[in-house]
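For reference, the structure is listed below as structure tokens.
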Amino acid sequence: MEQTFIMIKPDGVQRGLVGEIIGRFEKKGFTLKGLKLITVDRPFAEKHYADLSAKPFFNGLVEYIISGPVVAMVWEGKNVVTTRRKIIGAANPAESAPGTIRGDYAIDIGRNVIHSSDAVESARKEIALWFPEGIAEWRSSLHPWIYEFS
Ligand code: UDP
Ligand code: MG
């Protein structure tokens with residue numbers, strides 16, 4: 001079963017989209033394994049986005065992420081990482097399909113509401129970075145109603 005790191009960015013928190021976004025993952029059938037509201041500092045944000053440090057938008061991206069609290073989460077489910085584009089949409093909301101989170105709730109690429117890990121390996125790293133205390137161990141009693149084979 002895959003796990004992914006999902007972050008509701010400061011704009012999503014400020015705009016009151018937390019419940020709506022969490023509801024989408026819940027209703028899909030994914031399992032919430034970690035959750036916290038946290039404001040991160042610059043070195044932390046730079047570490048999270050280290051792969052993008054050479055990009056021209058890097059400083060603006062870091063400013064954005066540290067501008068207010070974010071909701072950091074771990075979600076678990078079959079293919080939860082690989083189906084991310086279908087759920088959150090393309091990086092640029094102008095190219096995100098309606099029905100995706102960014103397609104429905106964002107306009108600018110620099111205010112695109114949500115982050116999700118792009119691969120199983122980066123998810124593992126991001127979960128370790130954001131949840132050094134560890135995450136919850138539990139199995140939803142709905143499991144057999146969501147998965148044919150367990
Ligand atoms: N970003 C930006 N300007 C750009 C490209 C990306 O501000 O021209 C920001 C945006 O917040 C995006 C993040 O950098 O979500 C990471 O970019 P990536 O291409 O990895 O998109 P994602 O994986 O978030 O869809
Ligand atoms: Mg990315």
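Seen against the Cα atoms of the chain and their longest principal axis, helix 120-130 is set at about 70 degrees. Listed cross-link partners Lys27/Lys125; Lys47/Lys78; Lys86/Lys125; Lys33/Lys125; Lys47/Lys86; Lys33/Lys55 are compared with a 24 Å cut-off, the Cα-Cα value being larger for Lys27/Lys125; Lys47/Lys78; Lys47/Lys86; Lys33/Lys55.
Determine the shape class of segment 55-99: with a ≥ b ≥ c the square roots of the Cα gyration tensor eigenvalues, call it rounded for a/c under 1.5, and otherwise prolate if a/b is greater than b/c, oblate otherwise. Oblate is the answer for segment 55-99, as a/c is 1.5 or above yet b/c matches or exceeds a/b.
Annotation: Asp118 carries an accessible surface of approximately 110 Å², with a 1.4 Å probe and no ligand, DNA or RNA atoms counted. Counted without the sites themselves, the longest stretch of the chain free of chymotrypsin sites (Phe, Trp or Tyr not before Pro) in a DSSP loop having at most 13 other beta carbon atoms within 10 Å is 58-137. Karplus-based coupling profile of segment 89-100, in residue order and whole Hz: x, 5, 3, 8, x, 5, 10, 7, 5, x, x, 7, with θ = phi - 60° in 6.51 cos²θ - 1.76 cosθ + 1.60 and x standing for Gly or Pro.
A 1.4 Å probe run over the chain, with the rest of the protein chains in place, finds 56 Å² accessible per residue. Note on the chain: helix-only mean residue ellipticity at 222 nm, from DSSP H runs of 4+ residues weighted -39500 (n - 2.57) and normalised by residue number, equals -9500 deg cm²/dmol.
Compute log10 of I(q)/I(0) for the chain with the Debye formula, placing one identical point scatterer on every Cα and leaving out solvent, at q = 0.15, 0.16 Å⁻¹, to two decimals. Reported log10 I(q)/I(0), two decimals: -0.76, -0.87. Near the amide H of Ile114, within less than 5 Å, lie the amide hydrogens of Lys9, all on another chain or at least 5 residues away, with H placed in the peptide plane. Distant-in-sequence amide contacts of Ala90, defined by a placed amide H-H separation under 5 Å and a gap of 5 or more residues or a different chain, comprise Ser96, Ala97. Between Arg139 and Ser122, the contour length at 0.36 nm per residue exceeds the Cα-Cα span by 3.8 nm. Segment 67-119 and segment 124-150 have Cα centres spaced 19 Å apart.
Within 10 Å, at most 16 other Cβ atoms, and a DSSP state outside H, G, I, E, B define an exposed site. Report the longest part of the chain free of exposed trypsin sites (Lys or Arg not before Pro).
Values: sites that count: Arg15, Lys78, Arg139.
Free of exposed loop sites, the longest segment is 16-77.
Residues whose amide H falls under 5 Å from that of Lys33, counting only those 5 or more places apart or on a different chain, are Val74, Trp75, Glu76, with hydrogens built in the peptide plane.
The values are calculated or read from the model by the stated rules, or taken from the named source; none is laboratory data. These numbers were taken from a predicted model, which means no experiment stands behind them. Methodologically, a virtual Cβ is constructed for each residue, glycine included, from the backbone with ideal geometry; neighbour enumeration extends over all protein chains shown. Ligands, DNA and RNA are excluded from the accessible area calculation, which covers all protein heavy atoms including side chains. Shrake-Rupley method; radii C 1.70, N 1.55, O 1.52, S 1.80 Å.
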